[in-house]
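Accompanying notes for the structure given below.
Here, each number is a calculation from the coordinates, and none is a lab measurement. All values derive from a computational prediction rather than experimental measurement. Backbone-built Cβ (ideal geometry, glycine too); neighbour counts: all protein chains shown.
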Ligand code: CP
Ligand code: NVA
């Protein structure tokens, strides 16, 4: 376990429960400070961060850049055409060059191997801003949002409805560290990675279920969670997926089945009318915007952690 180690934030289960909860506590503390208007806490003064994006982004780019700069640092955005990692230049060279300029490398990439290669060759902390495999900073923000709205983690039931994708893998890896009840309701053939499901089950602390029946799955949920049916890199499958995923749309009817205590969450961007209805996104039980805001606060705490601040 990396536990209290200083380098990298790549998978939630690289850390122990105590460290994850400590990072979330820190997020709450620094969020309160920033919300109070206090701008005197500048732990990243004189620090710089490269942000490599092989894919599009709104939340990840803006929340990392804003958070790092509010805490005194300077972040540099590198879009898909800028460094063309792995094409114009090998990933291991990118890692070693950027390590000589920057204090953190944050990257959003296609292949998970790319983030592992960055981590292997970088001498500064690498933060995973989404890969085809996982999205750990998103799930840290989601955990923070659940603590704020539900007040606890243990005993909660999170039901993800849709594709068994990178978001699901990060939920599973969180469930390997912090106890809760996680259900993934997905069409047959779109289950999350079997090894990751096994890992979460083997950890033996959370109840993990894979279901093909969203109505059965959501009963008694504290959170109903949705994501796009076609992730970045799969957009050419969007039409086909719309057919296969019929019956997995989160609508008012499904939220009624979930029950009155259920919140709706979505990592965004949402395709309204596809995986979720407009009515659900706009409903009083939808907490998608506080959730999006928490990206910045969770990541601030992650950056403080990896820099040992
Ligand atoms: N949720 C999320 O990562 O959003 P972006 O793709 O806009 O960064
Ligand atoms: N599963 C989505 C998440 C976007 C934040 C994707 O990878 O495109």
Original post:
Is region 39-109 rounded, prolate or oblate when judged by the Cα gyration tensor, a ≥ b ≥ c being the square roots of its eigenvalues, rounded requiring a/c under 1.5 and prolate requiring a/b larger than b/c?
Top reply: oblate
Original post:
Among 212-222, 39-49, how do they line up from the highest to the lowest mean number of other beta-carbon atoms within 10 Å?
Top reply: 212-222, 39-49
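Output the relative contact order of the chain, whole-number percent, from Cα pairs under 8 angstrom with separation of 6+ residues. Mind showing how you got there, number by number?
On the way: 613 pairs, mean separation 60.6, N = 309.
Relative CO of the chain lands at 20 percent.
Which order, highest average first, do 141-147, 99-105, 31-37 follow once you tally other Cβ atoms within 10 Å for each residue and take the mean per peptide? Write down the numbers at each step before the final one.
Details: 141-147: 23.9, 99-105: 18.9, 31-37: 12.4.
So the peptides 141-147, 99-105, 31-37, ranked by packing, come out 141-147, 99-105, 31-37.
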Original post:
Once the Cα gyration tensor of region 219-271 is diagonalised, what are the square roots of 5 times its eigenvalues, in whole Å and ordered largest first, as equivalent ellipsoid semi-axes?
Top reply: 24, 13, 7
**OP:** Report, to two decimal places, the Cα Rg of the chain normalised by 2.2 N^0.38 Å (N = number of residues).
**Re:** 0.96
Original post:
What's the extension gain from residue 152 to residue 238 if we count 0.36 nm per residue and subtract their Cα-Cα distance?
Top reply: 27.4 nm
**OP:** Taking every Cα atom in region 85-167, find the radius of gyration and the maximum pairwise distance Dmax, and write them in Å.
**Re:** 16.2, 49
Original post:
Of the listed peptides 16-27, 119-130, what is their order by residue-averaged count of other C-beta atoms within 10 Å, with the highest listed first?
Top reply: 119-130, 16-27
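If you stretched the chain out fully between residue 48 and residue 246, how much longer would it get, using 0.36 nm times the residue separation minus the C-alpha to C-alpha distance? Each step should come with its number before you reach the end.
Values: separation 198, 0.36 × 198 = 71.28 nm, distance 4.52 nm.
Full-extension gain reported as 66.8 nm.
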**OP:** Distance between Cα centroids, region 245-279 to region 173-189: provide it in whole Å.
**Re:** 18
**OP:** Give, in whole angstrom and from largest to smallest, the semi-axes √(5λ) of the equivalent ellipsoid of region 129-185, with λ running over the eigenvalues of the Cα gyration tensor.
**Re:** 18, 13, 10
Subject >> Kirkwood Rh, Cα atoms: Rg over Rh of region 37-193 >> reply: 1.01
Subject >> In degrees, nearest ten, helix 288-306 long axis to first principal axis of the chain (Cα) >> reply: 40
**OP:** Could you pull the Cα extents of region 175-309 along its three principal axes, largest to smallest, in whole Å?
**Re:** 47, 37, 34
Subject >> C-alpha center-to-center spacing [region 108-129, region 75-96] in angstrom >> reply: 11
Original post:
Fully extended, how many nm does the chain gain between residue 260 and residue 123 (0.36 nm per residue separation, minus their Cα-Cα distance)?
Top reply: 44.4 nm
